[in-house]
Every structure is written in C-alpha cells, then in structure tokens.
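The structure appears right after this line, and notes come after that.
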Amino acid sequence: MDEVEITEEFRTGGEASEDDVDKIYLRAVATIEDVEFRSTLNQKEDELDCILSINAGAGGTESCDWSAMLMRMYIMWAEKQGFKINELNRQDGDVAGIKSVDLEIKGDYVFGLLKGENGVHRLVRVSPFNSQGKRMTSFASVFVHPMVDESIEIDINPAELEWDTFRASGAGGQHVNKTESAVRVRHLPTGITAECQQERSQHMNRDKAMQMLRSRLYEVELEKQRAAKNSIESGKMKNEWGSQIRSYVLDDRRVKDHRTNYQTSQTDAVLDGDLDAFLKAFLMSSHNN
C-alpha cells in the first residue's frame, strides 16, 4: 500500500489525479487478493498435475454435446494458463459430442486450481437438437484427480490387477484401428479402472494407464484423510436435478456456482475458458471455512 500513499501525496500536491490513485489502489488490492488466493493452495497434492474426467449424464445427445462443450471450456482455460493438455481416452456420442473423456493437464498447481470443479454441471438452453426449439436441461459430471509422480509412493499388488486390450476408437489413423494398442486396467480390491488409448504403443498405454490408476487410488486415500470435508466421493451424485454444483443458463445469460453463489452474465466468456473467478471463489470459500 506504500505506492497508494505516495500517489495520494502526489494528488494532494497536484501531480496526480484521483483516477491515478484509484488505479494504484485497485492494483494493490488485486495483488493482495492474489497472494491470499495462492495461500489456499497449501496441500502437497495441490502442486501436482491432474486428470480431468467428463462424463455425460441424463439428457442423451444433448448431454453428450454438453460434455463436449465442457471439454472445450477446460481446454481453453488450460491453454490460457500455458498448461499442456493430453487427451488420454475418449468415447464419442452416438449422434454428437462425447460420452466420456479423460484429459491430462500439466502445469504448476493444476490440481489445486481445478479440484473444486468436481461435481455435476447443469446446462439449460434452447436445444439445437430439438426440432421444436424447446428449452432443454442436461447434465455432465466432472471429476478431477491429482496425477501422482515419483515423489508419491502408491503400492499396488500386480496380482490384484486385471488387464484388457482393445482397438482404439479415437482418431489416430489406420494403426490404432488395426492393432489392439488401447489398454484397460482394473484394480480388483476397489473396482477402480483406468484406460488409455493415447499412444501408438500398447506398452506406452499400459504405463499411462498405470499412472492414471495410481492417481485414482491416491485420490481415494486423500479422501479418507480428508474425511467428509471437501469430499469428492460424497460429491459423486447422480447426474440429474438437484445435485449440480454449477448451472449454465444460456438463454438467461447466467452462470452460477451453487456452493459460493458467485455468478456472472458473461456466459460466452465462461464457455471460452474464463473460469478464474469461479475457481478463486471456491478456493477462498473453502479456505475460510
């Protein structure tokens, strides 16, 4: 705030305007808020990369399209942050959009920034897939897991794993369609599965699937440690009415987070990846609680 006081002295002496003082003050407040916000990312796992999974819920083709819109939103957000994104696994919708997708996002404090996105996201709009132009509601669930690295030890008994191989269904040319390079691994004690078809090599896909599995097992352990507070598992509600964490109401020009009550009318900007205000509101709210 020293710069504010100095600018105020200049204003008193006629060498600066009130607008100058206001600009310096707002800049100082923003800096303080950013420092306070960053202080909320104080858990070991907050520093890690993450896997962000999106699954279409109730609503058929409309929900598959909504899932694709969410994927685009998170990709655009990550690109604006300078993060690296890899598509690990994807299942396209029967008509449009996607049924499910797993994205790996790499960058500083990615998991910490995105962990509040866990839950059901609700879309309300005039559907382009409805010939009568009716207002439709659809749902998709988002789950964010920390991507564990070598610094975190997760013990997995190979005898408790079940492996499947299959032909990749995503883009990738003739190679992925002719060979069973895609893999799926199931952890028998927990029933947790992970699959990857990103790489051309089955061996590389196995390595990535194991990393995804270790990440999900680590998330389960974190949830046990955090008990009920900020529990992701307890947030895995049905993808339908009453369970959403955020609503995107396009014809009313409103996006609202139901946990923090933060909302904006800039729906296009949000869908283009302008999520920082929502992420910050959630993390500050959780930190203060």
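Quick check, is residue 108 surrounded by 21 or more Cβ atoms within 10 Å (Cβ to Cβ), over 21 Å from residue 255 (Cβ atoms) and in contact (Cβ under 8 Å) with a residue 24 or more places away in the chain? Before you say what the answer is, go through the steps one by one.
Working: surrounded by 21 or more Cβ atoms within 10 Å (Cβ to Cβ): no; over 21 Å from residue 255 (Cβ atoms): yes; in contact (Cβ under 8 Å) with a residue 24 or more places away in the chain: yes.
Taking the combined requirement at face value, the residue does not satisfy it.
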Check: Out of all the residues in the range 28-45, is one or more loosely packed, with under 12 Cβ neighbours inside 10 Å, among the acidic types (Asp, Glu) and modelled with pLDDT under 90?
Finding: yes
Notebook entry, point to check: Could you list, in sequence order, the residues of the range 263-289 that are part of a loop (DSSP other than H, G, I, E, B) and at pLDDT below 95?
Noted result: 289
Check: Quick check: is even one residue across the range 142-156 farther than 26 Å from residue 280 by Cα, modelled with pLDDT under 90 and outside any loop (DSSP other than H, G, I, E, B)?
Finding: no
Next item on the list: Output the residues belonging to the range 165-188 that are in contact with a strand residue (DSSP E or B) (Cβ under 8 Å, 6 or more places away or on another chain) and either in a loop (DSSP other than H, G, I, E, B) or at pLDDT 90 or above (or both).
Entry: 167, 168, 169, 170, 180, 181, 183, 184, 185, 186, 187, 188
Next item on the list: Among what's in the range 234-248 and is over 25 Å from residue 41 (Cβ atoms) and surrounded by fewer than 18 Cβ atoms within 10 Å (Cβ to Cβ), pick the residue that is modelled with the highest pLDDT.
Entry: 243
Margin query: Quick test of your reading of the structure: residue 71 fulfils all but one of (1) touching a His at 6+ places or on another chain (Cβ under 8 Å); (2) part of a helix (DSSP H, G or I); (3) among the aliphatic types (A, V, I, L, M). Name the failing condition by number.
Written below: (1)
Check: Counting only residues that are at pLDDT 85 or above and assigned to a loop (DSSP other than H, G, I, E, B), which one in the range 189-211 is surrounded by the most Cβ atoms within 10 Å (Cβ to Cβ)?
Finding: 197
Next item on the list: Could you list all residues from the range 83-128 that are touching a strand residue (DSSP E or B) at 6+ places or on another chain (Cβ under 8 Å) and part of a loop (DSSP other than H, G, I, E, B)?
Entry: 83, 93, 97, 107, 118, 127
Notebook entry, point to check: Taking into account only those residues within the range 65-93 that are surrounded by fewer than 22 Cβ atoms within 10 Å (Cβ to Cβ) and among the small types (Gly, Ala, Ser), which is nearest to residue 123 (Cα to Cα)?
Noted result: 68
Margin query: Which of the numbered conditions does residue 96 fail, given that it passes all the others? Conditions: (1) in contact with a Lys or Arg (Cβ under 9 Å, 6 or more places away or on another chain); (2) surrounded by fewer than 19 Cβ atoms within 10 Å (Cβ to Cβ).
Written below: (1)
Margin query: Can you pull out every residue in the range 257-289 that is buried (at least 17 other Cβ atoms within 10 Å of the Cβ), over 16 Å from the mean Cα position of the chain (by Cα) and within 20 Å of residue 63 (Cα to Cα)?
Written below: 267
Note to self: Looking at (1) modelled with pLDDT of 90 or more; (2) not assigned by TED's automatic domain parsing to the domain that holds residue 213, which one does residue 129 not meet, given that it meets all the others?
What the structure shows: (1)
Notebook entry, point to check: (1) closer than 27 Å to residue 200 by Cα; (2) part of a strand (DSSP E or B): which one isn't true of residue 138, the others all being true?
Noted result: (1)
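The values are calculated or read from the model by the stated rules, or taken from the named source; none is laboratory data. The model shown is predicted, which means the values in this text are computed figures rather than measured ones. Heads up, the Cβs are rebuilt from the backbone with ideal geometry, glycines too, and the neighbour counts pull from every protein chain shown.
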